[in-house]
Structure formats: C-alpha cells, structure tokens
1. Collect the residues in region 153-190 that are within 16 Å of the ligand (Cβ to nearest atom), of a type outside the set (S, T, N, Q) and in a loop (DSSP other than H, G, I, E, B), keeping them in residue-number order.
2. Do we have PHE163 as in contact with a Pro (Cβ under 8 Å, 6 or more places away or on another chain) and more than 13 Å from TYR118 (Cβ to Cβ) here?
3. Determine whether region 301-318 contains at least one residue that is crowded, with 23+ Cβ neighbours inside 10 Å and part of a loop (DSSP other than H, G, I, E, B).
4. So THR228 fits all but one of (1) of a type in the set (Ser, Thr, Tyr); (2) under 26 Å from ALA323 (Cβ atoms); (3) over 15 Å from the mean Cα position of the chain (by Cα); (4) within 16 Å of the ligand (Cβ to nearest atom); what number is the exception?
5. Residues PRO82, PRO146: which one is more than 16 Å from the ligand (Cβ to nearest atom) and out of contact with any helix residue (DSSP H, G or I) (no Cβ under 7 Å at 6 or more places or on another chain)?
6. Any residue that is in contact with a His (Cβ under 6 Å, 6 or more places away or on another chain) and touching a residue at least 60 places away in the same chain (Cβ under 8 Å) - is there at least one of those in region 90-103?
7. Against the condition within 11 Å of the ligand (Cβ to nearest atom) and either part of a strand (DSSP E or B) or within 26 Å of ALA78 (Cα to Cα) (or both), how does GLY200 come out, does it pass?
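The values are calculated or read from the model by the stated rules, or taken from the named source; none is laboratory data. The structure presented is a predicted model; accordingly, all values stated were derived computationally and were not measured. Cβ placement follows ideal geometry from the backbone for every residue including glycine, while neighbour counts extend to all protein chains displayed.
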Amino acid sequence: MAKIRLTRRKLLAAAAPLAAVPLVGKLALDAQAQASGHDHSSHGHPRSPASHVHGAMGHAAMVGEEAPAVGGPNDLDALLFPPPALPYEPGRVREYALTATDVDLEVAPGVFFSGWVYNGTAPGPVIRATEGDILRVRFVNAGQHPHTIHFHGIHPTNMDGVFEIVPTGGEFTYEFEARPAAFHVYHCHSMPLKKHIHKGLYGAFIIDPKEPRPPAKELVMVMNGFDTDGDGSNNFYTVNGRSLYYARYPIKVKRSELVRVYLANLTEFDLVNSFHLHADFFRYQPTGTGDTWEYTDTVMQCQGQRGVLEIEFTGLGLHMFHAHQSEFAELGWMGFFDVVD
Ligand SMILES: [Cu+2]
C-alpha cells in the first residue's frame, strides 16, 4: 500500500502543471484494486494517468465553479438545443452542410484530444428532419484522412456511407427521404471503423413524426469518451464533448415544463454507457419509436443505441445526472439540471 501511495504521489507531482482534472477517483480505484490483489490496470486498460492527473478534487460536490470544465456558459448550446421540430409539408427539402476537419479538442482544462470532427466539434451538429422530408447533406472532407457519413435509418444503399469513401479534398452529397420517425445517429464509416468513430466523427440525427411530439424543452445529449493518451481506452467521459461541462453550467429547466432529452451513446472502447437521474424519475422510449415507455431513473445504452427521455420535474433545485458507471462519472460524465419555477 505504501508503495502504491508513493507511486500516486509521484504521478500527482509530475502532473502538477496541468489544470484540475478529476482523475483522483480513478487513481484511488486502481490503488484499491491493487491493494486487494485485483490489478485493474491489467485488464488491457492501462490508463497512463501521469499525462493528465491533477491536484485535489477531494470530496467536493463538484458543481458550479468547483467543477473544472472548459469554456463559457453557452459554448455547447448548439449541441444541446436542437433545431425546432417542423410539422410535415409535402416536398420539403432539409439541407445541411458537414465538413470534416482535424482539430485539437480541449476536453478538460489543459487536456487536448487530437480529433477528427464534423463542423468543429465532437459530437458534430444535430441533424433534424421530419419524416417524409428530403434530407440533403453536403459532405466536404477537409481532413487528412478519408471519411464518409453513415446515417442510421431507412435509405437507398448507395446513400449508406459505406461505399463512397470521400478522400481528402473530396465531397459527396447524401440525399434521401427521412424515415422512419425515430431518434437516430450518424457517424463516419471509414476503416478502421473504431478509430474513425472514436476520433469524433458522429452526431445526433432526429427524425420527427409527421405530427411532431408535444411541445417541450428539448435537449440533445450524446455520450462519448476520449482516449487522450492513445492507449486504447478512454481517459475522459462526457456528454456533448466536454468533461463536467453541465456540472459547471447546470441546465436550467422549469418545473412546469416537459423536458425531453434525446440521448445517444457513441462511446468507443467501453461496451455500454448509461444515464442516471437523481431525485426524480423519467419515461424512456428506446430508439424514440413505438408507444411503450419505461418509467425509471436509469437507462443503459450500448454503442449506437439511443432513445428519448421525458421528464416532468416534481421538485426544485439541482438534480444531478451522470453515468451510473461510477468511474465514468468521476472521469467527467456528470452534470446537473437546475429546476426553477
Ligand atoms: Cu472517418
């Protein structure tokens, strides 16, 4: 145990110049596992924490200023708030433009991930259409690797994003009728697939029913992870790309309004991710289809799975939400709803 502590102190000292990042919990977990003879790091997940460890997280609740997150209060609004739902109109065309680039993403303070992204962020922009619309997405590849866009849903196979590999400097326009009404995802389908997805080429894709769902405060949360040291396992987990962002900037909602969350999992390397709400329950509709809802406070999704949550908050104040894999929560996947009247 003494040896472990020394190692950990060394790691912390080595990383002192880096800004605060919540990895102490992870280290404690490793130390505990090793002390009990169960070496967590021998499961093919050595996380080389020295590259991004920090000082004291302590036992704080990690909300507001306490939560180390990158950026200002509205930075992720374009990812959190989807474009509005539109009722069906025959013959309507919905146009989007996506450009792939290589960028360095700051996923936690002072921690950068060299990403491949659509329109500058991981996840990419929210694409939304109504069932029956013609969806036209012009894709330009300004990155250094060949990419595509593969949409989930029903469409002709030549629009599936697996056969036309778009080279650097190339472009391709995807066009198909949006169907079925559901919550989908899109992502790159170039090989090696795991790498192209993990690098950040994915996003949320909403197809509304012809008669849109009832009015609500709508939010999009794409769960993802970032392997910042290139060892094949994630060092940070987030929703919408920044560790602890919604802990620092809680999402304001009104108690009187319906809150609808489009939740998707694009986390690479880990088999599942999850969403757990504190102090209340929600309805969950897998894939956003059918008319059965589960009433629960926790849902699990494997990679590519997604669903729609609806919440009518009964109480006021800060309601925590996080992955119920505690490790993911400690590594950034945690936030709050601030419920007000
Ligand atoms: Cu790609």
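1. ASP160, GLY161, VAL162, PHE163, GLU164, ILE165, PRO167, GLY169, GLY170, CYS188, HIS189
2. Answer is no for this residue.
3. Looking for residues that are crowded, with 23+ Cβ neighbours inside 10 Å and part of a loop (DSSP other than H, G, I, E, B), one finds none in region 301-318, hence no.
4. Evaluating THR228 over (1) of a type in the set (Ser, Thr, Tyr); (2) under 26 Å from ALA323 (Cβ atoms); (3) over 15 Å from the mean Cα position of the chain (by Cα); (4) within 16 Å of the ligand (Cβ to nearest atom) leaves (4) as the failure.
5. Every option except PRO82 fails the conditions.
6. yes
7. yes
Each row is one residue, and each column tells you yes or no for (1) in contact with an Asp or Glu (Cβ under 8 Å, 6 or more places away or on another chain); (2) among the β-branched types (Val, Ile, Thr); (3) modelled with pLDDT under 95.
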position	(1), (2), (3)
VAL111	no, yes, no
TRP116	yes, no, no
PRO123	no, no, no
GLY132	yes, no, no
GLN144	yes, no, no
THR173	no, yes, no
